[in-house]
Amino acid sequence: MEIARAERSLVPLARGLAALAGFFDAAGFLAFGRIYLASPVANTTILGVELAGVQSFQLAGTALLSFLVGVVLTTLCAHGLARWRRTAILSGAATATLIAFLFLEAGDIYPALILLAAAAGGLHCVLERDPQHLQEGMFPSAQMIRVGDALGSRWDRKKSSLIGDHSLFWLCFIVGGVLGTTAWLGTGQWALALASLGTGLLAVHVWSIERNLCVR
């Protein structure tokens, strides 16, 4: 029973990650200009549009490559972990975000961008061994597609019953974006410190979940 309850608690964790992704994207957009830290699809589009602009090309390219490196490093480092894998990934992302804040405070833009994008890539690995609908929670485009599919499948009760779940994931991303924008406009670079704090709090929450989960 404790294990089942812990597994159900992964759903609010996925929603928290969606909100965190929105926060990262909003803060990154305002900090670096038209760069989405947690949305590689958006950055790929920006990279294509901005090929003629050297600075934008460098920023978007750096963000994309750093995101990929973050995913690779997180996968390699967490490969041997089982029970505490999610906690370790979130703890690492929180640390990287805090260091990025310190770099940005010192005026070092590229080290900050590299660390933030890598941390965002790591966040996408938190639920990589969990059900697919939880893995997709950090991608608002995927949630919009799921909502549209559910709305168009009224005859399929299983799909139509998930409209609220997918809509909530999308809404969490929006709320995270609003919070990230508000934090950056209100506190500037300290928004990254808040992002690190939020990631750390999620790590503590996940630790309490993983105590009751079977080794995966």
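Can you tell me how many residues in the stretch 93-119 are part of a helix (DSSP H, G or I) and out of contact with any helix residue (DSSP H, G or I) (no Cβ under 6 Å at 6 or more places or on another chain)?
5
Inside the stretch 26-42, can you point out the residues that are in a helix (DSSP H, G or I) and surrounded by 24 or more Cβ atoms within 10 Å (Cβ to Cβ)? Working first, answer last.
Taking the stretch 26-42 and keeping what is in a helix (DSSP H, G or I), we get 26-33, 40-42.
If the condition is that a residue be in a helix (DSSP H, G or I) and surrounded by 24 or more Cβ atoms within 10 Å (Cβ to Cβ), then Ala26, Ala27, Gly28 are the ones that fit.
For the stretch 99-111, how many residues meet the condition of being without any contact (Cβ under 8 Å) to a residue 60 or more places away in the chain and either in contact with a His (Cβ under 9 Å, 6 or more places away or on another chain) or of a type in the set (Gly, Ala, Ser) (or both)? First the steps, then the outcome.
Our first condition is that a residue be without any contact (Cβ under 8 Å) to a residue 60 or more places away in the chain; within the stretch 99-111, this holds for 99, 102-103, 106-108, 110-111.
So of that shortlist, the ones also either in contact with a His (Cβ under 9 Å, 6 or more places away or on another chain) or of a type in the set (Gly, Ala, Ser) (or both) come out as 106-107.
Residues flagged as without any contact (Cβ under 8 Å) to a residue 60 or more places away in the chain and either in contact with a His (Cβ under 9 Å, 6 or more places away or on another chain) or of a type in the set (Gly, Ala, Ser) (or both) within the stretch 99-111 amount to 2.
Every number here is computed from the coordinates shown, using simple stated rules; none is lab data. Please read all numbers here as calculations on a predicted model, not as lab measurements. Every residue, glycine as well, gets a Cβ built from its backbone with ideal geometry; the counts of neighbours run over all protein chains shown.
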